[in-house]
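A short worksheet on the structure shown next.
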Amino acid sequence: MKDQKHNSPQHLKDLQGEDLYRSAEGWTPQQTLAWAFETFGEQVAISSAFGAEGMVIIDMASRIRPDFRLFTIDTEFLFPETYRLMDRIEERYGISIERVYSLLSPEEQERTRGAELWSSDPDLCCQLRKVEPLRRKLGDLKAWITSIRHDQTSARAGARRVEWDSKFNLVKINPIVDWTSKQVWRYIHDHDVPYNELHNQDYPSIGCTHCTRAVRPGEDPRAGRWPGFAKTECGLHIIEPAPAIPELSVTESADCGV
């Protein structure tokens with residue numbers, strides 16, 4: 001078991017920059033979330049598409065700070081099951097999900113970019129309906145919290161628990177980055193966390209209706225995303241070369257020994 005005293009953010013208040021990010025690798029998910037809320041206050045928010053991992057982060061956050069901020073990029077092409085889960089989340093946790101939309105309605109996108117853009121140019125479709133809306137949202141924040149894990153895709157294998165996001169120019173926090181899928185589902189079952197019913201129908205990864213299918217036996221868990229294309233990421237979590245790491249420090253007021 002890790003030494004909680006020496007790994008607790010409360011005992012790292014004098015660390016800055018790279019030293020802080022390196023030390024964060026020893027924090028628990030709960031310590032990481034508590035540090036994020038104490039350090040950034042209203043200027044940090046959880047980003048979620050409400051997959052199994054996202055539901056773990058939401059439930060953990062509710063036990064640390066009941067009034068946490070939560071937003072989602074609503075492409076307007078989500079599954080009905082996803083929208084129903086969003087309603088359950090708001091009711092169970094007593095929060096309002098901040099919904100972020102593309103500047104183009106689905107009708108405008110079809111008129112200006114052609115019908116079924118997701119079939120001809122899925123990267124552009126993701127850029128218009130996911131990346132650009134996220135960039136606008138993150139422009140008002142100092143940090144964002146995600147539910148990515150190392151073993152999901154090759155682009156996420158090198159992610160750190162706390163890191164500087166050079167793509168969007170703010171701090172990115174990944175509390176369960178080193179968890180396995182088994183740990184995610186154990187937490188869900190142990191805490192009776194609601195989850196998308198499509199997970200029970202062979203959808204381990206859930207995105208838009210047009211670009212997501214059920215996974216067949218023996219396939220990679222993300223084989224159902226953008227089938228027919230050599231694509232595993234929508235672009236939100238593609239790591240870009242980082243500039244010098246900002247001198248971010250742990251606030252002395254942070255009580256993160258949870």
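The values are calculated or read from the model by the stated rules, or taken from the named source; none is laboratory data. Just so it is clear, the model here is predicted, and its values are computed rather than measured. Positions of Cβ are generated from backbone atoms using ideal geometry, with glycine treated the same way; all protein chains shown enter the neighbour counts.
Of note:
- Number of residues in the stretch 33-57 that are free of Cβ contacts under 8 Å to residues at least 40 places away in the same chain and out of contact with any Lys or Arg (no Cβ under 8 Å at 6 or more places or on another chain) equals 1.
- The stretch 17-61 - residue that is in a helix (DSSP H, G or I) and of a type in the set (Phe, Trp, Tyr) and, of those, surrounded by the most Cβ atoms within 10 Å (Cβ to Cβ): TRP35
- Of all residues in the stretch 45-84, exactly one satisfies the criterion of being among the hydroxyl-bearing types (Ser, Thr, Tyr) and in contact with a Pro (Cβ under 9 Å, 6 or more places away or on another chain), namely THR75.
- Counted residues, the stretch 65-83 - those being surrounded by fewer than 13 Cβ atoms within 10 Å (Cβ to Cβ) and more than 19 Å from PRO133 (Cα to Cα): 3
- The number of residues in the stretch 46-77 that are among the β-branched types (Val, Ile, Thr) and within 13 Å of GLU90 (Cβ to Cβ) comes to 2.
- Single residue of the stretch 204-230 satisfying the filter (among the aliphatic types (A, V, I, L, M) and touching a Phe, Trp or Tyr at 6+ places or on another chain (Cβ under 8 Å)) that is surrounded by the fewest Cβ atoms within 10 Å (Cβ to Cβ): ALA214
- Criterion violated by ARG216 - all others in (1) at pLDDT below 90; (2) within 25 Å of MET60 (Cα to Cα); (3) not β-branched (Val, Ile, Thr) satisfied: (2)
- Matching residues, the stretch 102-118, being surrounded by fewer than 12 Cβ atoms within 10 Å (Cβ to Cβ), polar (S, T, N, Q) and free of Cβ contacts under 8 Å to residues at least 24 places away in the same chain: THR112
- Filter result (of a type in the set (Lys, Arg) and assigned to a helix (DSSP H, G or I)) within the stretch 127-161: ARG129, LYS130, ARG135, ARG136, LYS137, ARG156
- Test for SER166: is it of a type in the set (Ser, Thr, Tyr) and in contact with a strand residue (DSSP E or B) (Cβ under 8 Å, 6 or more places away or on another chain): no
- Matching residues in the stretch 64-95 - criterion: being within 18 Å of the chain's Cα centre (by Cα) and without any contact (Cβ under 8 Å) to a residue 24 or more places away in the chain: TYR83, GLU90
- Number of positions in the stretch 184-203 that are surrounded by 15 or more Cβ atoms within 10 Å (Cβ to Cβ) and either free of Cβ contacts under 8 Å to residues at least 40 places away in the same chain or part of a loop (DSSP other than H, G, I, E, B) (or both): 5
- Filtered residue count, the stretch 75-110, keeping only those that are part of a loop (DSSP other than H, G, I, E, B) and of a type in the set (A, V, I, L, M, F, W, C): 6
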